[in-house]
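Written below as C-alpha cells is the structure these notes are about.
The values are calculated or read from the model by the stated rules, or taken from the named source; none is laboratory data. Just so we're clear, the structure is a prediction, and the values are computed from it rather than from any experiment. Here the Cβ positions follow ideal geometry from the backbone for every residue, glycine too, while neighbour counts run over all protein chains shown.
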Amino acid sequence: MKKRRLLVENNYDFQLMGIVAPMRAYKMVWYINQAMRIAFAKQKECTVHPFGREPIDISFYTYEAPYGNYRFIENRAVKSPKGEIHYLIPELKEFDFLLYVQGEMHKDYFERLKNGLEQLSIVHYFKIFEVDRIKAKENLIF
C-alpha cells in the first residue's frame, strides 16, 4: 500500500524581535505599555507542544491594534516537565522575551517601536530576526 504524506506550509507573515531585559514579564510589559502607549493584556498560559519535546506552558500578553496584532511572549517556559529549563525557541535562549508582530504594520510604526525599546533603560539588548532563519518558528503558531 502506498503511503501519502501531508505537507503543510505555514505562512509566516510576522516579524519577530528578541529582547534581553532582566526582569519579570509583567514589569517589562508595564514599561512598554507606559512608554509606547500600548495596552498589552495578560492571556491565559498556553501549552505548546514543540516537535520532539515535552509540552511546555508559555506566558504571553497580547495587544490587538487596527493594523495588526502583537504578542509579548516569555521565551522561557513557565512550567516545564521535571523542573528543567525549557525555551519556546531553543536557539534564541539568550533572549528573555519575544515580541511577535503580525499584520499590515506601517514601516514608520515599526521604527517607532524600535526607538521606543531603545529608550527603555531596562532593555539591555534587542534584535530583529528573519523569521525564515529560525528553526523552531512553528512553536510561535498558537
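Observations, loosely collected:
- Scanning the stretch 61-79 for residues that are under 24 Å from Ser121 (Cβ atoms) and not β-branched (Val, Ile, Thr) gives Tyr61, Tyr63, Tyr70, Arg71, Phe72, Glu74, Asn75, Arg76.
- Filter result for Lys42 (at pLDDT 90 or above and either within 17 Å of Val131 (Cβ to Cβ) or of a type in the set (Lys, Arg) (or both)): yes
- Single unsatisfied condition, Gly52 versus (1) more than 19 Å from Phe126 (Cβ to Cβ); (2) in a loop (DSSP other than H, G, I, E, B); (3) modelled with pLDDT of 75 or more: (3)
- Restricting Lys114, Lys127, Lys44 to those that are among the basic types (Lys, Arg) and either assigned to a strand (DSSP E or B) or touching a Cys at 6+ places or on another chain (Cβ under 8 Å) (or both) reduces the list to Lys127.
- Beta carbons closer than 9 Å, at least 6 apart along the sequence or on distinct chains, pair a first residue in the stretch 1-22 that is loosely packed, with under 14 Cβ neighbours inside 10 Å with a second that is modelled with pLDDT under 70 and not in a loop (DSSP other than H, G, I, E, B) for Asn10/Lys137.
- The residues in the stretch 15-28 that are part of a helix (DSSP H, G or I) and within 15 Å of His124 (Cα to Cα) can be counted, and the count is 3.
- Check on Ile89, under 14 Å from Phe14 (Cβ atoms) and not polar (S, T, N, Q): yes
- Breaking point among (1) closer than 23 Å to Arg112 by Cα; (2) in contact with a helix residue (DSSP H, G or I) (Cβ under 8 Å, 6 or more places away or on another chain); (3) among the hydrophobic types (A, V, I, L, M, F, W, C), for Val48: (1)
Per-residue answers, yes or no, for (1) within 25 Å of Arg133 (Cβ to Cβ); (2) touching a residue at least 40 places away in the same chain (Cβ under 8 Å):
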| position | (1), (2) |
| --- | --- |
| Cys46 | yes, yes |
| Tyr70 | yes, no |
| Glu74 | yes, yes |
| Val78 | no, no |
| Ile85 | yes, no |
| Pro90 | yes, yes |
| Phe95 | yes, yes |
| Leu98 | yes, yes |
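- For the stretch 23-44, the tally of residues that are of a type in the set (A, V, I, L, M, F, W, C) and in contact (Cβ under 8 Å) with a residue 60 or more places away in the chain stands at 6.
- Of all residues in the stretch 55-86 being basic (Lys, Arg) and assigned to a strand (DSSP E or B), the one that is modelled with the highest pLDDT: Arg71
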